[in-house]
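For reference, the structure is listed below as structure tokens.
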Amino acid sequence: MSTSSYADGAAYVRGRFVPIAEATIPVTDWGFTRSDVVYDVVHVVKNGFFRLDDHLDRFEHSMQQRRIRPPEDRAAIEAILHRCVALSGLSDAYVAMVASRGRPRVAGSRRPADCDNHLIAYALPWIDVIPKDVQERGAHIWLASTPRVPDASVDPTVKNYQWSDLTSGLLEAHDEGFDTAVLFDAQGFLTEGPGFNVFIVKDGKVSTPDRGSLHGITRKSVLELCAELGIEAAVEPIPGTDIEHADEVFLATTAGGVMPASRIGGRILGNDRPGPISLKLKQAYWARHDEGWHRTPVRPLEAAE
Ligand code: PLP
């Protein structure tokens, strides 16, 4: 089989593997009309998935919480992810798994139980949510005035497509000439940003919010690295003023890794470059990838058949 048409990415949708350009869903899918979707994203570096089991565990948690049950079981989902990457021929990839509520079998029904849930998966060329050159100089982060949606309304530990507040944060940031934004909850505590967890460093201690945030897999890696490197770290409430007075700030996500900041709101951090602890963690994160940390080799096409 020729795989050339898959070079821009490979997808699985409605039970078939197709080139990414052909991966479409009906406009009446509740995944589209209601954002009634849960998803997860895992990365592939040098032909190996990173923490694939952790991503599959979180995806299962999200599906369970939203009661979205596609026909494919965990083993099938895993095999589909391998096949998407193998078909694409990409050695570094952004790999998404999406479970959508789907379309109601009964015309006009408003009952979620009437919908046929389905799985979508795709592999795309590597994506950095903060471009590499911006990561190098340190991201400029806007402190958004839009509050993060309350945890009791949209559970942030269920990875979802409710991005209105995060997108408002991005619009604010770009209007002000910043790269991205972090959001606070209605009580003024730090939460997260559009596609990443946030960390602050103060007097050598690393902290990340205990609320309003996805339990990020990169966040988990950062906390493990802190333990290995003897850096004090905590998941705790972070009042808004703490980020304004932080020594360093960095962001963490699957699509980019550890991404240092150099400006917070109107304030320049240190010498306007990524700080030393952020850089140490970034370096350790990628060095551990090279050592095979939490790596699952991508199954070649023949094995993925
Ligand atoms: N927070 C949000 C809202 C996200 O969308 C993401 C990832 O896309 C993260 C945090 C980081 O999570 P992870 O490290 O598992 O990619």
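With θ taken as phi - 60° and the coefficients 6.51, -1.76 and 1.60, list the Karplus ³J(HN,Hα) couplings across the stretch 191-199 in order, rounded to whole Hz; mark glycine and proline as x.
In residue order, the calculated couplings are 10, 8, x, x, x, 7, 8, 10, 10 Hz.
Going 7 Å from the Cα of S153 in the Cα-to-Cβ direction, what parts of the stretch 162-192 have a backbone nitrogen less than 19 Å from that spot?
Those under the cut-off are 162-172, 182-192.
Could you work out which residue, out of I130, I277, I231, moves most in a Gaussian network model of the chain, that is, has the largest mean-square fluctuation with Cα springs under 10 Å?
Largest GNM mean-square fluctuation: I231.
Could you pull out every residue, at least 5 positions away or on a different chain, whose amide H is within less than 5 Å of the one on F49? Hs are placed 1.01 Å off N in the peptide plane, and Pro or chain starts have none.
It is T296, V298, by chain and number.
Can you work out ³J(HN,Hα) from phi for every residue in the stretch 106-123, in order, using Karplus 6.51 cos²θ - 1.76 cosθ + 1.60 and θ = phi - 60°, giving whole Hz and x for Gly and Pro?
Karplus values, whole Hz, x for Gly and Pro: 9, 4, x, 4, 10, 8, x, 5, 7, 9, 8, 5, 8, 9, 10, 9, 7, 10.
Where the only charges are on Cβ atoms (+1 Lys, Arg; -1 Asp, Glu), what is the dipole of the chain about its Cα centre, to the nearest 20 debye?
Dipole of the chain, to the nearest 20 debye: 740 debye.
Which percentage, to the nearest 5, of the DSSP beta bridges contained in the stretch 132-290 is antiparallel?
Percentage antiparallel, nearest 5: 65.
Which entries of K159/K280; K220/K282; K132/K220; K202/K280; K46/K132 have Cα-Cα distances beyond 25 Å here?
K159/K280
Please give the per residue accessible area of the chain, computed with a probe of 1.4 Å over protein heavy atoms only, in Å².
Ligands and nucleic acids excluded, the figure is 45 Å² per residue.
Rounded, prolate or oblate: pick one for the stretch 36-138, where a ≥ b ≥ c are the square roots of the eigenvalues of its C-alpha gyration tensor, a/c under 1.5 means rounded, and failing that, prolate if a/b is larger than b/c, else oblate.
Prolate, since a/c reaches 1.5 and a/b exceeds b/c.
Residue by residue, what Karplus-based ³J(HN,Hα) values in Hz, rounded to whole numbers, does the stretch 76-87 have, using 6.51, -1.76 and 1.60 with θ = phi - 60° and x for Gly and Pro?
My calculation for the stretch 76-87 gives 5, 4, 4, 5, 5, 5, 4, 5, 4, 5, 4, 4 Hz in order.
Given only helices, namely DSSP H runs of n ≥ 4 each adding -39500 (n - 2.57), what is the per-residue ellipticity at 222 nm of the chain, to the nearest 500 deg cm²/dmol?
Calculated at 222 nm, the ellipticity per residue is -8500 deg cm²/dmol.
Using a probe of 1.4 angstrom, how much of the accessible area of the chain is carbon and sulfur, in percent?
Taking all protein chains in place, the chain shows 51 percent carbon and sulfur surface.
About the Cα centre of the stretch 229-305, what is the dipole size in debye to 20, counting +1 per Lys and Arg Cβ and -1 per Asp and Glu Cβ, all else neutral?
Using only the charged Cβ atoms, the result is roughly 200 debye.
Give me the net charge of Y6's neighbourhood, meaning all other residues with Cβ under 14 Å from the Cβ of Y6; Lys, Arg count +1, Asp, Glu -1.
With Lys, Arg at +1 and Asp, Glu at -1, the neighbours total 0.
Using +1 at the C-beta of Lys and Arg and -1 at the C-beta of Asp and Glu, which of A255, F184, Y94 has the Cα lying farthest in the positive direction of the dipole of the chain?
Y94
May I ask which residue of F199, Y39, V106 lies farthest towards the positive end of the charge dipole of the chain, with charges of +1 (Lys, Arg) and -1 (Asp, Glu) on Cβ and the Cα centre as origin?
V106
The values are calculated or read from the model by the stated rules, or taken from the named source; none is laboratory data. No experiment lies behind these values; they were computed from the predicted model shown. Cβ coordinates were reconstructed from backbone atoms using ideal geometry, including for glycine residues, and neighbour counts include every protein chain displayed. Ligands, DNA and RNA are excluded from the accessible area calculation, which covers all protein heavy atoms including side chains. Shrake-Rupley method; radii C 1.70, N 1.55, O 1.52, S 1.80 Å.
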